[in-house]
1. Looking for something modelled with pLDDT of 95 or more and open to solvent by 10 Å² or more (accessible area, probe 1.4 Å) - is there at least one such residue anywhere in the range 247-254?
2. Write out, first by first residue and then by second, each pair whose Cβ atoms fall under 6 Å of each other, whose residues are 6+ apart or on separate chains, and whose first residue, in the range 14-33, is not aliphatic (A, V, I, L, M) while the second is not in a helix (DSSP H, G or I).
3. Mind checking which helices (runs of 4 or more DSSP H) fall wholly inside the range 160-254 and carry at least 2 residues that are in contact with a Pro (Cβ under 8 Å, 6 or more places away or on another chain) and in contact (Cβ under 8 Å) with a residue 60 or more places away in the chain?
4. Can you spot a residue in the range 236-245 that is crowded, with 22+ Cβ neighbours inside 10 Å, more than 22 Å from PHE40 (Cα to Cα) and modelled with pLDDT of 95 or more?
5. For the structure I just gave you, tell me whether ILE183 is at pLDDT 85 or above and open to solvent by 10 Å² or more (accessible area, probe 1.4 Å).
6. Among the residues of the range 259-273, is there at least one that is of a type outside the set (Gly, Ala, Ser), modelled with pLDDT of 85 or more, surrounded by 17 or more Cβ atoms within 10 Å (Cβ to Cβ) and in contact with a Pro (Cβ under 6 Å, 6 or more places away or on another chain)?
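The values are calculated or read from the model by the stated rules, or taken from the named source; none is laboratory data. These figures come from a predicted structure and were not determined experimentally. As a convention, Cβ positions derive from the backbone with ideal geometry for all residues, glycine included, and neighbour counts pool all protein chains shown. Only protein heavy atoms, including side chains, enter the accessible area calculation; ligands, DNA and RNA are left aside. Shrake-Rupley method; radii C 1.70, N 1.55, O 1.52, S 1.80 Å.
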Amino acid sequence: MASFLGLFSSIVPLYFCIFLGSFSSKFLKCDKKTIANILFYILSPLVIFNATISINFSFEILLIPVLPYLASVFIVFTSLIILQRIYKDNRANLLAFSTAVGNSAYLGIPLALIFLDENLVEIFIFAIFAVILYQNSAGYFIVARSTYSFKESLLKILKLPSIHAFLIAIILNISSFKMPDSISSIFLYAKGTLSILGMMIIGMGLEKIRLSSFEFKFIGIAIFIKFLIHPFIMCFLIYLDSTFFHIYELKYYIIFFILSIVPIASDSIIVASVLNLNTEKISLLVFITSLISLFTIPLMMIFYENFKGFL
């Protein structure tokens, strides 16, 4: 019980930004669509560019994002096949996209700072590239396909600024380009702003939510996939690697595990907003899973400490 309360109290302050988002939307009349566009088209590319250009690439490090990416792709396509039997509209696409990854940047990075050793934090941030690549490739394609044709979906992916930022940064990194110190501070501020606004947009989506947005089956399926299926699949993959493949060192497994237990990402709201989909329903889903994660994250971290004994 003491371990749970200690972990619980360490993550509660992170959720204060949700309240700030709700306050700014209701009383300051801040526009959620504008904030979503700033996050999607400006701050995310800046953070991706800076992180990519700062990494000292090695073969071992390059393999870090592979496992969470494969897990996300497996979950999104498998769940989509099942969900399309339940929903005949874009709810199936939204639900599959949202539950395949979590709030790895806005909540995951602060959690990494709390739970991981300092030398693992940067590797965790690099592992988030798996989430970014998923969201801006297979995941974005799944959601866009619910509204656009195959050709239009591919064109939208190619136009994403996050993809451009990632590719440019890789080229510069390979060319041994060094970021001037005078510019580095800008990217540092962008990272902090991204985390705060990313949590705030959860609260900003609450103002227009109505009880009609609550769909027990929709939310129940999301909770089941995100908090049970996703961690189970990740633990299974970790066990397989530990037992048979030995690709990753033991110290990296906790990175994969944290990526699997964070709640549904507020990026889902951003993507739904950009593509003009049902933002009320996904905002409610993000908020509910974020509240539940206040309790599931400490429980899951306690579970992982026992799970390590089998590795």
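1. Yes, the range 247-254 contains at least one residue that is modelled with pLDDT of 95 or more and open to solvent by 10 Å² or more (accessible area, probe 1.4 Å).
2. From residues that are not aliphatic (A, V, I, L, M), the pairs are SER22/LEU206; SER24/CYS30; SER25/GLU207; LYS26/GLU207.
3. The qualifying helices (runs of 4 or more DSSP H) are 161-174.
4. yes
5. no
6. yes
Residues checked against (1) modelled with pLDDT under 80; (2) surrounded by fewer than 18 Cβ atoms within 10 Å (Cβ to Cβ); (3) among the polar types (S, T, N, Q):
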position: PHE129; (1), (2), (3): yes, no, no
position: TYR134; (1), (2), (3): no, no, no
position: ALA144; (1), (2), (3): yes, no, no
position: LYS151; (1), (2), (3): yes, yes, no
position: ILE157; (1), (2), (3): yes, yes, no
position: LEU160; (1), (2), (3): yes, no, no
position: SER175; (1), (2), (3): no, yes, yes
position: THR193; (1), (2), (3): no, yes, yes
position: ILE196; (1), (2), (3): no, yes, no
